[in-house]
1. Using the Cα gyration tensor of region 141-267, with a ≥ b ≥ c the square roots of its eigenvalues, what is the shape: rounded (a/c below 1.5), prolate (a/b larger than b/c) or oblate (neither)?
2. What is the order of Glu365, Glu203, fewest Cβ neighbours within 10 Å to most?
3. Can you tell me the dipole magnitude for region 40-339 around its Cα centre, using point charges on the Cβ only (Lys, Arg +1; Asp, Glu -1), in Debye to the nearest 20?
4. Pick out, from Ala258, Leu269, Val237, the residue whose Cα sits farthest towards the positive end of the charge dipole of region 216-292, with +1 on the Cβ of Lys and Arg and -1 on the Cβ of Asp and Glu.
5. HN-Hα J couplings of region 352-369 from phi, Karplus 6.51/-1.76/1.60, θ = phi - 60°, integer Hz, Gly and Pro as x?
6. By count of other Cβ within 10 Å, fewest leading, how are Asp239, Asp179, Asp191 ordered?
7. Based on other C-beta atoms within 10 Å, arrange Phe262, Phe236 from fewest to most.
8. Please compute the contact order of region 292-369 in relative form: average sequence separation of alpha-carbon pairs under 8 Å and at least six residues apart, divided by the residue count, as a percent.
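No lab work stands behind these numbers, since they all come straight from the coordinates. Note that the coordinates shown come from a computational prediction; the quantities given were computed from them, not determined experimentally. As a convention, Cβ positions derive from the backbone with ideal geometry for all residues, glycine included, and neighbour counts pool all protein chains shown.
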Amino acid sequence: MNRTRTCIPRKLFSIAHQNETRAPSSRRLFNAVSCSRTSTPIHYPLRRINPAIIRSNSSSSATTTNATWMHFKADVDSADIYAFLEPQTSSWQYIIADPVSLEAAVIDPVLDYNPASGALATTAADHLLAFIAEKGLEVLRILETHAHADHLSASQYLKKMLGGDVPICIGERIKSLQDHFAAMYGFTSTDFVESFDIFLKDEEEFQLGSNILCKVVHLPGHTPDHIGFVVGKAVFVGDSIFMPDLGSARTDFPGGNAKDLFSSMNRLLSLPKDYQLFVGHDYPSAGRQHECMATVGVHREENKHGKLGTTEDEFIEFREARNKVLGAPRLLHPSLQVNIRAGKLPPASENRVWLKTPTRLANPEIPVS
Ligand SMILES: [Fe+2]
């Protein structure tokens, strides 16, 4: 099955942003990118798995399952990008790797959680571990774009299975969200010890191996702590923009707002038009398969909520109206309790791990003990 996916421009790019602020008058100067995208999703047989690394702690076994991933390369000689779909939450997980040194980073890994049974599993994360072992990658960092509210992070699990020394990184504003939700869920400051390892600053740059430079960009709006990662011409945008036919993510989480998200989307759409935006989720409508990337040029022309010509007022009006009709994410409370601790479970009580679900009493006469 051939599908069109990867754009491989010929000339090299630096990581430096161009046109950080997009002037309204220049918006219509941009044309939709015409990009030859040729890549094939591959069903990857998980073989030669190191049994010391892959230890499924669930009923599912990674050693007997095929993981599906897609390979992208944003530019010649740039990082290899591998995208893995976690289908239960429609989340995209990424591995970026230096093709020379094989040093790598994992972005937004997912822990499997069944809210009905309470079962936690590691099928998706074990696929990543199997791939890492198969490719001989050395993971230097685990990166989180934000405190997800719709799936549980597998960062702590990955860190443990990779030997315990790989730092888990997130934007520095996570601290304010930790304070907010700690009060809500009854955590103390000691509960956050040994959660995240590195708090990234805006515009911070770090090396992934000898050849790959990664730059942090603050992309607030969906959540206030939200960051993205620029690696060559690839940008890992988390939930700061969705695929063009979906448009944008909700902005009604604590600290989120539509005005900031419009600004963040504009910042992304101000990048050169052949930059590739890799999203954190995809919820394809009927007739389309899951996709994880569209170029800036395509977004400028087609993004359902933020294409060129969309005014800030229009976006805010639409986004806030849309927020009001969305139900709470199915995994909202489990996600937040785990993710503000980098994927670590809350402290056990009586040898069992409990996740809290706040209850709102629609009728105050309901007896409370
Ligand atoms: Fe999110």
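1. Details: a/c = 1.84, a/b = 1.07, b/c = 1.71.
It is oblate, given that a/c is not under 1.5 and a/b is not larger than b/c.
2. Details: Glu365 6, Glu203 11.
Fewest-to-most ranking of Glu365, Glu203: Glu365, Glu203.
3. Numbers: 25 positive and 38 negative charges, 113 e Å.
Roughly 540 debye for region 40-339.
4. Value computed over the given set: Leu269.
5. 10, 9, 10, 10, 8, 10, x, 10, 9, 8, 5, 10, x, 7, 5, x, 10, 7
6. Numbers: Asp239 28, Asp179 14, Asp191 18.
Arranged by neighbour count, lowest to highest, Asp239, Asp179, Asp191 become Asp179, Asp191, Asp239.
7. Numbers: Phe262 23, Phe236 29.
Arranged by neighbour count, lowest to highest, Phe262, Phe236 become Phe262, Phe236.
8. Values: 27 pairs, mean separation 11.2, N = 78.
Once normalised by length, the contact order is 14 percent.
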